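For reference, the structure discussed in these notes is given below.
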Amino acid sequence: MSEQTPVVVIVDAQTPGNVGTIARSMKNFGFSELLLVDPPALDPDGEAYGFAGQAREDVLPNARETTFEAVLEAYHTVGFTAVTNEDETSHVRFPFKTPRELAESLTERSGPTALVFGREPTGLHNEELAQLDEICAIPASESYPVLNLGQAATIALYELRNVTLGETQLPDRTGSVADPADVERFHEHVGQFLESIEYGPEKRAKTQRLVRRLLGRAKPTGQELVTLRGVMRQAVNRNRE
């Protein structure tokens, strides 16, 4: 495991199923080291292994028991909580990042980091949160912000996948964006098209600027531009007939 890949810590999980769910999410998003503080019994024939998917082969059986104090001593710690107390009415406040903001900052960190998730009914206690280096909170509905432990970990690990995954099963879409030269050829065709349909000369420059801005936001592929140019070419030819 790379030093940059955070370890995942589960504190006092009540149900084996949530441990298995988190192990599976770790496998999905490129995390491999699982530390357990006061865990429930994890029967290889029970709920944890049943929920773990392929993580039953490595992440879960390799999980290590530890203590909260040992985690504090060995890692830069990030605790996850639904309630941050970050307002003027509370004496105990926890400045926080969202998972996406945390992902950006972790890519710039060196040294071991631990992502710490708390118990199902209450999460991490205020006393525990106060000892951690950073706090992360998942934005959710104001009327019901509390997430299941397994859900919270899955969302967080998904958002942090850029820290761990060089590649995914999805195709790289960034490489298919049209070349600047193709974009300029398209804009030339737009000008020819407007001229061929006798679009008001006083409006052409403004319209071409609008198309340029629209295309800049859209980031089309080369094939998409070829198709659009073909449509305009056909329209021009029809107009000449």
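What to note about this one:
- Relative contact order of the chain, taken over Cα pairs closer than 8 Å and 6 or more residues apart, is 21 percent.
- For T77, the amide hydrogen comes within under 5 Å of the amide hydrogens of A114, D133, E134, counting only partners 5 or more places away or on other chains and with H modelled in the peptide plane.
- Within the chain: Cβ-based charge dipole about Cα centre, in debye rounded to nearest 20 (Lys, Arg +1; Asp, Glu -1): 1940 debye
- In the context of the full set of protein chains, residues of the chain present 60 Å² of accessible surface per residue (probe radius 1.4 Å, heavy atoms only).
- DSSP H segments from the chain that extend 20 Å or more along their own axis, Cα-based, with Kyte-Doolittle mean of -1.0 or above: 180-196, 222-240
- The range 103-241 - percent of accessible surface contributed by carbon and sulfur, probe 1.4 Å: 51 percent
- Computed extension gain for E73 through K206, at 0.36 nm per residue and net of the alpha carbon distance, reaches 41.7 nm.
- Cα convex hull of the chain - mean projected area over all directions, nm²: 19.8 nm²
- Computed E for N148/Q4 - FRET, C-beta separation, R0 25 angstrom, nearest 0.05: 0.35
- Net charge dipole, the range 1-69: roughly 260 debye, given to the nearest 20, about the Cα centre with Cβ charges of +1 for Lys and Arg and -1 for Asp and Glu.
- Derived scalar couplings between HN and Hα for the range 55-71 equal 5, 5, 8, 9, 4, 6, x, 8, 4, 10, 7, 8, 10, 4, 5, 5, 5 Hz in order, rounded to whole Hz, by the Karplus curve 6.51 cos²θ - 1.76 cosθ + 1.60 (θ = phi - 60°), x for Gly and Pro.
- Antiparallel content of DSSP bridges confined to the chain, in %, to 5: 10 percent
- Stokes-Einstein diffusion for the range 101-207 at 10 °C, viscosity 1.306 mPa s, with a Kirkwood radius from C-alpha pairs, works out to 82 µm²/s.
- Length-normalised contact order of the range 10-81 in % [C-alpha pairs under 8 Å, at least 6 apart]: 37 percent
- Cα lying deepest toward the dipole's positive end in the chain, options Q192, S32, L42, charges on Cβ: Q192
The values are calculated or read from the model by the stated rules, or taken from the named source; none is laboratory data. All values reported here derive from a predicted model rather than from experimental measurement. In this analysis, Cβ positions are derived from the backbone assuming ideal geometry, glycine residues included, and neighbour counts consider all displayed protein chains. Only protein heavy atoms, including side chains, enter the accessible area calculation; ligands, DNA and RNA are left aside. Shrake-Rupley method; radii C 1.70, N 1.55, O 1.52, S 1.80 Å.
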